[in-house]
Amino acid sequence: MCGIVGYIGNQKASDVIIKGLERLEYRGYDSCGISYYDPNNKKFVTNKDRGRVANLYNQYSYPDNNHYAIGHTRWATHGVANQNNSHPHYSQSKRFIIVHNGVIDNHKELVFKYLNDYEFISDTDTEVIVNLVEEFSKKLSIEEAIRKTISLLEGSFAFLIIDTENIDTLYAVKNKSPLLIGESDKGIVLGSDVLAFVNYADYYYLLEDNSFIIVKRDNGNFKFNLYDTIGFDLEVPEKQKMDFVTDELGKAGYEHYMLKEISEQPAVIRKIMSQYMVDNELKVSPEIKAMFTDIKKVYILAAGTSYHAGLIGRVYFEEIAKIPSEVFIASEFAYNEPLIEPDSMFVLISQSGETADLRSCLINVKEQGYKTLTITNVGSSTLAREADQYLNIFAGTEIAVASTKAYVGQIAVLAILANTLSKQHSLDLVSEMSRAAVSMENIIDKRDYISEIVEQVIISHDCFYIGRGLDYFVCLEAALKLKEITYLNTMGIPAGELKHGTMALIEKDVPVIAIISQDHINNNTRSNLEEAKAREGTPLIISLDNTSKGNDDIVLMDVHRLLSPLVTVIPAQLIAYYKAVELDYDVDKPRNLAKSATVE
Ligand code: F6R
């Protein structure tokens with residue numbers, strides 16, 4: 001979702017902003033823009049439009065001596081993606097310029113109450129913020145005007161504000177949307193993600209909600225002060241070293257990040273094993289184990305792909321740890337809370353650790369006094385910091401919008417957690433996970449074969465994945481992958497459910513892909529596939545060595561039944577990938593989607 005970057009320093013600010021925005025592209029966006037101070041003409045210049053960040057480089061030139069700028073990638077919420085709605089936005093008199101990430105829920109009421117005389121150029125809620133600052137600055141200092149504005153805003157927001165009459169100061173506010181500060185002796189950079197700081201900061205600071213930041217150029221030095229939104233000083237958080245391996249952020253010779261990330265999955269499993277290995281066993285820490293003492297029920301909350309990992313986690317909690325569990329989609333749980341049983345606790349799963357739907361659940365269940373554990377790929381994220389404890393999945397930065405390696409990382413960590421809680425340590429996870437990593441590698445090495453299958457089989461506008469039990473949960477993920485990057489209408493269906501309605505959609509050439517990794521339902525799923533074949537659907541079977549029969553299309557090396565999702569998902573990810581490549585779509589940045597969903 002929207003990304004923001006701001007900079008004051010002695011480097012070329014437009015470079016810092018545009019490179020930073022490129023690093024934030026993975027979040028998903030449809031338009032972008034920059035405002036910088038041009039000292040030669042003594043004025044601010046703004047370039048913005050629908051389209052890619054690369055256009056900000058290709059279509060404009062920037063003076064070498066520009067040292068103050070803000071920039072934005074916009075994922076449309078209020079108003080379509082066009083130039084008018086792109087950020088930065090100016091206040092009516094053009095004195096103030098803003099970039100904003102988040103949603104202001106009460107923007108209409110605020111216009112009605114305070115801004116009747118203002119004309120709005122865009123359809124965005126952001127223009128309301130900048131005009132409120134302008135309105136209040138008529139009677140108050142700029143700092144007070146911003147504070148008063150914040151006190152009126154309802155919703156989630158992180159924004160940067162330029163006062164064009166003061167080119168040595170940049171104002172920033174953070175509440176519920178992400179914002180961090182990066183620092184080097186060459187300047188201060190602000191951004192929605194630490195990735196935006198790569199090459200431009202040596203250290204970074206994580207900020208709490210309700211922070212008001214004032215960045216100043218002062219005699220060739222650069223510094224920031226932190227306040228709460230009332231005006232009291234805030235303690236500066238501990239500074240963190242930027243320790244990114246820049247290689248990790250490149251494509252390493254792959255054509256797309258998605259293929260690179262699919263190929264990294266066996267390494268992610270091995271990394272997780274090395275991180276959780278204690279005395280030759282895979283375990284979570286005693287503190288995390290202790291959280292589950294006397295817990296009678298686990299509620300798992302997540303969204304999208306992480307929700308699909310959660311469905312598998314529920315099976316692990318019940319089958320391995322013998323703790324009854326339920327899984328909820330975060331945005332549903334947030335506003336339709338079920339009756340929660342006493343002695344329950346919450347496990348939140350999120351690759352980014354920033355998903356707004358999940359955060360609102362976290363705040364809510366914490367207020368009710370429940371213990372919370374986050375499973376995430378980003379240890380510095382909001383959900384990691386705000387839950388009682390967190391478990392890292394160590395998947396490394398995931399850049400492609402379609403999540404792949406985070407999904408297998410989440411499943412592996414859920415298996416380790418459940419096995420640690422099991423009284424009998426029922427799974428020999430060290431050898432089973434090692435075997436799974438080899439099986440994953442095996443199919444990734446044969447990916448050209450999958451690309452051939454895709455050409456022959458996925459030729460209709462619809463596609464169906466069918467499976468039972470764990471296989472069904474993988475079908476949900478398989479369908480999400482295919483639809484999100486190929487825009488083909490795809491569904492994951494419990495195999496036995498096909499005949500109860502969806503079968504009406506099966507006709508000649510419609511692919512029906514069965515995932516069969518569980519011996520006890522092998523014949524049942526095969527019969528359901530026969531029913532689809534009888535309606536001229538095109539069948540395709542993904543099975544394991546020990547469930548395969550005759551000439552199944554994709555046969556994977558055997559793994560433990562419970563770990564099969566780690567492996568069966570891979571051909572599905574590759575099917576989605578190769579189809580999107582064939583259709584010539586932007587694989588890593590599918591339309592309309594954001595990597596980090598920071599609005600509810
Ligand atoms: C799909 C995908 C999304 C995310 C979802 C939750 O490929 O990536 O469905 O899984 O937006 O995001 P996180 O896991 O960051 O909370």
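The values are calculated or read from the model by the stated rules, or taken from the named source; none is laboratory data. Everything quoted here is computed from the prediction, not taken from an experiment. Because the Cβ atoms are built from the backbone with ideal geometry, glycine has one as well, and the counts that use them run over all protein chains shown. To get the accessible areas, we keep the full protein, side chains included, count just its heavy atoms, and leave off ligands, DNA and RNA. Shrake-Rupley method; radii C 1.70, N 1.55, O 1.52, S 1.80 Å.
Filter region 451-479 down to residues that are in a helix (DSSP H, G or I) and closer than 13 Å to residue 580 by Cα and give me whichever is farthest from the ligand (Cβ to nearest atom).
Among them, the one singled out is 455.
Of all residues in region 369-408 being of a type in the set (Phe, Trp, Tyr) and more than 14 Å from the ligand (Cβ to nearest atom), which is farthest from residue 593 (Cα to Cα)?
Quick first cut of region 369-408, residues of a type in the set (Phe, Trp, Tyr) only: 370, 390, 394, 407.
Next, from what is left, pick out any that are more than 14 Å from the ligand (Cβ to nearest atom): 370, 394.
Details: 370: 32, 394: 24 Å.
This residue is 370.
Kindly provide the set of residues from region 487-523 that are part of a loop (DSSP other than H, G, I, E, B), away from the ligand (no atom under 15 Å from the Cβ) and open to solvent by 40 Å² or more (accessible area, probe 1.4 Å), ordered by number.
Selection gives 501, 507, 508, 509.
Take residue 484 and decide whether it is assigned by TED's automatic domain parsing to the domain that holds residue 461, away from the ligand (no atom under 16 Å from the Cβ) and either open to solvent by 10 Å² or more (accessible area, probe 1.4 Å) or touching a Phe, Trp or Tyr at 6+ places or on another chain (Cβ under 6 Å) (or both).
no
Within region 6-43, take every residue that is part of a helix (DSSP H, G or I) and among the charged types (D, E, K, R) and give me the one that is nearest to residue 168 (Cα to Cα). Explain how you work it out, then say what you get.
Within region 6-43, the subset part of a helix (DSSP H, G or I) is 13-27.
Going one step further and asking which of them are among the charged types (D, E, K, R), we end up with 15, 19, 22-23, 25, 27.
Working: 15: 19, 19: 22, 22: 25, 23: 26, 25: 28, 27: 30 Å.
The extreme case among them is 15.
Consider residue 408 carefully, then state whether it is among the β-branched types (Val, Ile, Thr), out of contact with any strand residue (DSSP E or B) (no Cβ under 6 Å at 6 or more places or on another chain), in a helix (DSSP H, G or I) and within 18 Å of residue 304 (Cα to Cα). Working first, answer last.
Values: among the β-branched types (Val, Ile, Thr): yes; out of contact with any strand residue (DSSP E or B) (no Cβ under 6 Å at 6 or more places or on another chain): yes; in a helix (DSSP H, G or I): yes; within 18 Å of residue 304 (Cα to Cα): yes.
The answer is yes for residue 408.
As an exercise: evaluate residue 332 against (1) within 16 Å of the ligand (Cβ to nearest atom); (2) open to solvent by less than 70 Å² (accessible area, probe 1.4 Å); (3) not basic (Lys, Arg) and give the number of the one condition it does not meet.
(2)
With region 102-198 as the region, which helices (runs of 4 or more DSSP H) entirely inside it contain at least 1 residues that are in the same structural domain as residue 220 (by TED's automatic domain parsing) and under 30 Å from residue 220 (Cβ atoms)?
126-136, 142-152
If we scan region 387-403, do we find a residue that is part of a helix (DSSP H, G or I) and either in contact with a Leu (Cβ under 9 Å, 6 or more places away or on another chain) or closer than 30 Å to residue 22 by Cβ (or both)?
Within region 387-403, not a single residue is part of a helix (DSSP H, G or I) and either in contact with a Leu (Cβ under 9 Å, 6 or more places away or on another chain) or closer than 30 Å to residue 22 by Cβ (or both).
Restricting attention to region 409-439, which residues are within 16 Å of the ligand (Cβ to nearest atom) and either outside the structural domain of residue 279 (by TED's automatic domain parsing) or under 24 Å from residue 25 (Cβ atoms) (or both)? Reasoning before the result, please.
So the first thing to find is which residues in region 409-439 are within 16 Å of the ligand (Cβ to nearest atom), and the list is 409-414.
409, 410, listed by residue number.
Can you say whether residue 266 is under 24 Å from the mean Cα position of the chain (by Cα), outside the structural domain of residue 25 (by TED's automatic domain parsing) and not charged (D, E, K, R), as far as the supplied structure shows?
yes
Give the residue, chosen from 540, 593, 583, that is outside the structural domain of residue 305 (by TED's automatic domain parsing) and surrounded by 21 or more Cβ atoms within 10 Å (Cβ to Cβ). Walk me through it before giving the result.
Working: 593 fails: surrounded by 21 or more Cβ atoms within 10 Å (Cβ to Cβ); 583 fails: surrounded by 21 or more Cβ atoms within 10 Å (Cβ to Cβ).
Only one candidate qualifies: 540.
Do we have residue 548 as open to solvent by less than 60 Å² (accessible area, probe 1.4 Å), more than 25 Å from the chain's Cα centre (by Cα) and under 15 Å from residue 472 (Cα atoms) here? Lay out the reasoning, then the answer.
Values: open to solvent by less than 60 Å² (accessible area, probe 1.4 Å): yes; more than 25 Å from the chain's Cα centre (by Cα): yes; under 15 Å from residue 472 (Cα atoms): no.
In short, no.
Within region 106-128, work out how many residues are among the small types (Gly, Ala, Ser) and under 26 Å from the mean Cα position of the chain (by Cα). Before you say what the answer is, go through the steps one by one.
Restricting attention to region 106-128, the residues satisfying the condition of being among the small types (Gly, Ala, Ser) are 122.
Going one step further and asking which of them are under 26 Å from the mean Cα position of the chain (by Cα), we end up with none.
Of the residues in that region, 0 qualify.
Is it the case that region 215-238 has a residue that's open to solvent by less than 60 Å² (accessible area, probe 1.4 Å), over 30 Å from residue 577 (Cα atoms), touching a residue at least 60 places away in the same chain (Cβ under 8 Å) and part of a strand (DSSP E or B)?
So far as region 215-238 goes, yes, one or more of its residues are open to solvent by less than 60 Å² (accessible area, probe 1.4 Å), over 30 Å from residue 577 (Cα atoms), touching a residue at least 60 places away in the same chain (Cβ under 8 Å) and part of a strand (DSSP E or B).
Please determine, by comparing only the residues of region 577-600 that are aliphatic (A, V, I, L, M) and within 11 Å of the ligand (Cβ to nearest atom), which one is nearest to residue 158 (Cα to Cα).
Ranking the qualifying residues of region 577-600, first place goes to 597.
Would you point out the residue of region 90-105, among those that are over 26 Å from the mean Cα position of the chain (by Cα) and at negative phi, that is surrounded by the fewest Cβ atoms within 10 Å (Cβ to Cβ)? Don't jump to the end; show me each part of the working.
Initial filter on region 90-105 (over 26 Å from the mean Cα position of the chain (by Cα)): 90-97.
Within this subset, residues satisfying the condition of being at negative phi are 90-93, 95-97.
Working: 90: 21, 91: 22, 92: 17, 93: 11, 95: 17, 96: 26, 97: 20.
Among residues in region 90-105 that are over 26 Å from the mean Cα position of the chain (by Cα) and at negative phi, the one surrounded by the fewest Cβ atoms within 10 Å (Cβ to Cβ) is 93.
Could you give me the residue pairs with C-beta distances under 7 Å whose first residue belongs to region 524-553 and is assigned to a helix (DSSP H, G or I), whose second residue is open to solvent by 80 Å² or more (accessible area, probe 1.4 Å) and not aliphatic (A, V, I, L, M) wherever it lies, and which are 6+ apart or on separate chains?
What qualifies is 531/499.
Can you tell me which residue in region 347-361 is nearest to residue 330 (Cα to Cα), limited to those that are more than 7 Å from the ligand (Cβ to nearest atom) and open to solvent by 20 Å² or more (accessible area, probe 1.4 Å)?
357
Residues are listed down the side, and each one gets a yes or a no for (1) in contact with a helix residue (DSSP H, G or I) (Cβ under 6 Å, 6 or more places away or on another chain); (2) of a type outside the set (Asp, Glu); (3) closer than 25 Å to residue 26 by Cα:
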| position | (1), (2), (3) |
| --- | --- |
| 81 | no, yes, yes |
| 99 | no, yes, yes |
| 117 | no, no, no |
| 120 | yes, yes, no |
| 131 | no, yes, no |
| 137 | yes, yes, no |
